[in-house]
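A.B. asks: Can you keep this structure in mind? I'll have questions shortly.
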Amino acid sequence: MAYSEFVDREYKPSKDELVALYRVEPAKGFSIEEAAARVASESSVGTWTEVVTMGDLARSIRARAYEFRGYYVKIAYPTELFEPGSIPQIVSAIAGNVFGMKAVRNLRLEDVYWPPGLVSSFRGPLFGIEGARELLKVYDRPLTATVPKPKVGMTPEEYAEAAYEIMVGGVDFVKDDENNTSLSFCKFEERVERVLKARDRAEAETGERKAFLANITAPFGEMVKRAELVRDLGGECVMIDILTVGWSALQEFMEANRDLKLRVHAHRAFHAAFTRKRRHGMSMKVVAELARLAGVDHLHVGTVVGKLEAGKREVLALASILRERKLEEDWRLKILPKDWLDLKPVLPVSSGGLHPGIVPYVIEMLGKDLLIQVGGGVLGHPMGPRAGAAAIRQAIEATLEGIPLEEYAKTHEELARALEKWGRMRPA
């Protein structure tokens, strides 16, 4: 087939076709249509030359670039091109060889419209937002989490003691960080056992439910063993670095988890390697959509005001993708229509450089169906982690009651000391 057959500006895709929105920047010597045609060809049935085996079926299911707005191009794909329920196969098609083609100087997969036939081939979250709230019995405020800092370097005993102080201070979840798995000085089994005992103590003292997000990231078989250990020790949650373990391992784990019934907290470590550049790679929106299809219960979306790069439009778009059942097309946010059918909503996680002084901004931006994760902003409190956790809860209380933090701090020492140290500073 000639490349020109992969472009049809008059084409009208049906609701049953997958549509990918790309930002296509042609290489020197290529027009936008020529570059887009090569993307459509390479991601579906085409190749660089005519082949004698090109039959009627292959020709009929070719992708078509059909809508052009500046550098932005929509490409429609018949669903026959995809294996239902297989994220690895789908990603290999629409986000595979296309990024290495000479005809494009830069190429970015911005968003995807997922047709009902593909959405229904995935089971989505087992628990989602409702499951997180039900676990903790917290329904009227954002949930909170803290990673004991330093993220690695503590023994299981030290880590569990920090976890206890954090939970007694008022934080809901204690969470392992992305690289704290089973290290020589802090083995997974001992850390989990000690932290869960600390959780029990904290629950008994506070009367509040607490939970531990234990990082089970590892090769697939070991992930399952670690998850089984968490369950056997009385844990209800695990954490996975979903991009470094890969979509295949994640999907397979989610199937195993149908029996384990653990809440799955998804860390997005590695995403910025391909999402941060606005002209090349794949957007975090697509990662969030794939994660919802795969079935995670919580996913990091950024803060805008923290230490990690993320614009307000992007963070709001991610939160909407995770929480809403339906979305209309929005060119300002580069979002294609969404209908997640009966897939449960995912809890957005705002993390990375937060402290009590900027909690109001996060809640104002993202609302109450949110997990606010604060690490250094708890462990760096002048009075210690227990006071740091209390200051976070106080900042949330003040915000929800419409009271300025400085006013609330007059009768809440922990918040006052946090504001003295950090004020409204936004980390860089």
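A.B. asks: Restricting the search to region 29-54, which residues are surrounded by fewer than 15 Cβ atoms within 10 Å (Cβ to Cβ) and either at pLDDT 95 or above or not assigned by TED's automatic domain parsing to the domain that holds Arg108 (or both)?
C.D. replies: As a first pass, look at region 29-54 and keep what is surrounded by fewer than 15 Cβ atoms within 10 Å (Cβ to Cβ): 29, 31, 47-54.
Listed by number, the residues that qualify are Gly29, Ser31.
A.B. asks: State the number of residues belonging to region 358-381 that are closer than 17 Å to Gly169 by Cβ and over 15 Å from the mean Cα position of the chain (by Cα).
C.D. replies: The qualifying residues number 9.
A.B. asks: Let me confirm something: among Gly311, Gly295, which residue is surrounded by fewer than 15 Cβ atoms within 10 Å (Cβ to Cβ) and either out of contact with any Gly (no Cβ under 7 Å at 6 or more places or on another chain) or at pLDDT 95 or above (or both)?
C.D. replies: One residue alone meets the criteria, Gly311.
Table: residues versus (1) more than 15 Å from Ala103 (Cα to Cα); (2) of a type in the set (D, E, K, R); (3) not in a helix (DSSP H, G or I).
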{"residue": "Glu10", "(1), (2), (3)": "yes, yes, yes"}
{"residue": "Tyr22", "(1), (2), (3)": "no, no, yes"}
{"residue": "Glu34", "(1), (2), (3)": "no, yes, no"}
{"residue": "Ser44", "(1), (2), (3)": "yes, no, yes"}
{"residue": "Glu50", "(1), (2), (3)": "yes, yes, yes"}
{"residue": "Arg62", "(1), (2), (3)": "yes, yes, yes"}
{"residue": "Phe68", "(1), (2), (3)": "yes, no, yes"}
{"residue": "Ile75", "(1), (2), (3)": "yes, no, yes"}
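A.B. asks: Here is a follow-up. For region 303-323, does any single residue satisfy the condition of being farther than 20 Å from Arg23 by Cα, part of a strand (DSSP E or B) and within 16 Å of the chain's Cα centre (by Cα)?
C.D. replies: Looking for residues that are farther than 20 Å from Arg23 by Cα, part of a strand (DSSP E or B) and within 16 Å of the chain's Cα centre (by Cα), one finds none in region 303-323, hence no.
A.B. asks: Would you point out which residue out of Leu341, Leu354, Leu333 is crowded, with 20+ Cβ neighbours inside 10 Å and not in a helix (DSSP H, G or I)? Don't jump to the end; show me each part of the working.
C.D. replies: Details: Leu341 fails: crowded, with 20+ Cβ neighbours inside 10 Å; Leu333 fails: crowded, with 20+ Cβ neighbours inside 10 Å.
Going through Leu341, Leu354, Leu333 in turn, the sole match is Leu354.
A.B. asks: Can I ask one more? Of the conditions (1) assigned to a loop (DSSP other than H, G, I, E, B); (2) over 23 Å from the mean Cα position of the chain (by Cα), Asn106 satisfies every one except a single condition; which number is it?
C.D. replies: Result: Asn106 passes all but (1).
A.B. asks: For region 398-423, how many residues are within 21 Å of Leu366 (Cα to Cα) and either free of Cβ contacts under 8 Å to residues at least 60 places away in the same chain or buried (at least 20 other Cβ atoms within 10 Å of the Cβ) (or both)?
C.D. replies: Within region 398-423, residues that are within 21 Å of Leu366 (Cα to Cα) and either free of Cβ contacts under 8 Å to residues at least 60 places away in the same chain or buried (at least 20 other Cβ atoms within 10 Å of the Cβ) (or both) number 7.
The values are calculated or read from the model by the stated rules, or taken from the named source; none is laboratory data. Bear in mind that the values here come from a model prediction, so they are computed numbers and not experimental data. Cβ coordinates were reconstructed from backbone atoms using ideal geometry, including for glycine residues, and neighbour counts include every protein chain displayed.
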